[in-house]
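Inspection log for the structure reproduced underneath, given as structure tokens.
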Amino acid sequence: MKSPLLSLPGAVPAEGRDEGVAAHYGDLFREQRALADGNGFVDLSHRGVVTVSGDDRLSWLHLLLTQHVSDLAPGQATEALILSSNGHIEHAMYLVDDGERVWMHVEPETQGELIAYLESMKFYYRVEVADRTEDIAVVHLPAGSIAEVPEGVAVRETPHGRDLFLPRADLETYAAGHGPAAGILAYEALRVEAHRPRIGFETDHRTIPHELGWIGTAVHLQKGCYRGQETVARVHNLGKPPRRLVFLHLDGSEVHLPGHGTPVRLAADGVEGRQLGFITTSARHHELGPIALALVKRNVAVDAELIAGDTAAAQETVVEP
């Protein structure tokens, strides 16, 4: 879905997974500062939107998701995962129930695969699953924003801000009255600062929730059975995950940021040393400078000096070893 807001002055299109919305509107740091101050909005209209309606929607989703949602109150935001039978992360969903249906947004172009799985699990439950991506756009308002929310629009309110499920036809009108617009690069920089993982960036085909700190926020440890629960319980009760998420302060003298997949090694071993992990997301922050999230082996010392490619990196613990 190509956003109509790419026609705004200064808009530079994003690439890769976030293609379809603006990377920035001409001033990355100004946009970050505006969001940090609770001003403006972020166009996330490229994300997939799925709804689940019907009398059994919450009890049915409760059986499939890692989160406890059977008693989810209207307006209460949550997030949840769908795991493989081996406990590896397949989908991450950001949900809210409006009293009649559950609204969720997911990574761009993943809603089809998610809906196919949900449809395969309907059986006799009274639920209807719908792809609303073509008619609903996600708009993010930062924490502290006092922007008005149009009547009848579903809202996910979290400590990081509010996600609006806005009719796509109203996107341009809403943007005109609630600027300034901030691009996805500003949004991502604040996500990295907050140590918040994103599927497809902080995950690969073998990532389990414990590695990213999703236990407690997206995974409920006291709920009933769901696919992959055995792995979640076993690692939580008997062991440790093989990898852990770390936050990195990168050397600010480097011109280029290390991209996704850049090897992480011990600084003492140099660029020919053994790879201990990889960069998942890097960003330029308006206050912290170059920063990144990385996934490293669990036994990497928390005070070890690292390099990402050939860039020096000082780590902060996100997930305890």
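Structure above, values below:
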| item | result |
| --- | --- |
| The range 227-321: GluC sites (Glu not before Pro) in DSSP coil with no more than 10 other Cβ atoms inside 10 Å | Glu272 |
| Heavy-atom accessible area order for His24, His210, His160, largest first, 1.4 Å probe | His160, His24, His210 |
| Diffusion coefficient, µm² s⁻¹, Stokes-Einstein with Kirkwood Rh over alpha-carbon pairs of the range 115-266 at 4 °C and 1.567 mPa s | 67 |
| The range 1-129: relative contact order in percent, alpha carbon pairs under 8 Å with at least 6 residues between | 22 |
| Cleavage-rule hits, trypsin sites (Lys or Arg not before Pro), the range 241-283, DSSP coil, Cβ neighbours within 10 Å at most 11 | Arg274 |
| Relative contact order, percent, the range 165-278 [alpha-carbon distance under 8 Å, six or more residues apart] | 17 |
| Residue-normalised accessible area of the range 52-171, given per residue in Å² at a 1.4 Å probe | 44 |
| Förster-model FRET efficiency, 30 Å R0, Lys297 and Cys225, C-beta, rounded to 0.05 | 0.45 |
| Choice from Ala294, Ala137, Ala175 showing the highest fluctuation, given a GNM over the chain with Cα pairs closer than 10 Å | Ala175 |
| Inter-probe distance in nm under a simple model that places probes 7 Å from Cα toward Cβ, at Ala304 and Tyr117 | 3.1 |
| Summed side-chain charge close to Met1 - residues other than Met1 whose Cβ falls under 11 Å, Lys, Arg +1, Asp, Glu -1 | -2 |
| The chain: relative contact order in percent, alpha carbon pairs under 8 Å with at least 6 residues between | 19 |
| Charge sum, other residues only, whose C-beta stays under 11 Å from Gly183's C-beta, Lys/Arg counted +1 and Asp/Glu -1 | -4 |
| Percent accessible area from carbon and sulfur atoms, the chain, protein chains only, probe 1.4 Å | 49 |
| Accessible-area ranking of Leu221, Leu64, Leu238, largest first, probe 1.4 Å | Leu238, Leu221, Leu64 |
| Extended-chain gain in nm, criterion 0.36 nm per residue less alpha-carbon gap, Val12 and Arg274 | 90.5 nm |
| Chymotrypsin sites (Phe, Trp or Tyr not before Pro) lying in DSSP loop within the range 114-159, provided at most 12 other Cβ fall within 10 Å | Phe123, Tyr124 |
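The values are calculated or read from the model by the stated rules, or taken from the named source; none is laboratory data. All figures in this text were calculated on a predicted structure; none of them were measured in a lab. Cβ atoms come from the backbone with ideal geometry, glycine included; neighbour counts cover every protein chain shown. When the accessible area is computed, the model is the full protein with side chains, heavy atoms only, and any ligands, DNA or RNA have been set aside. Shrake-Rupley method; radii C 1.70, N 1.55, O 1.52, S 1.80 Å.
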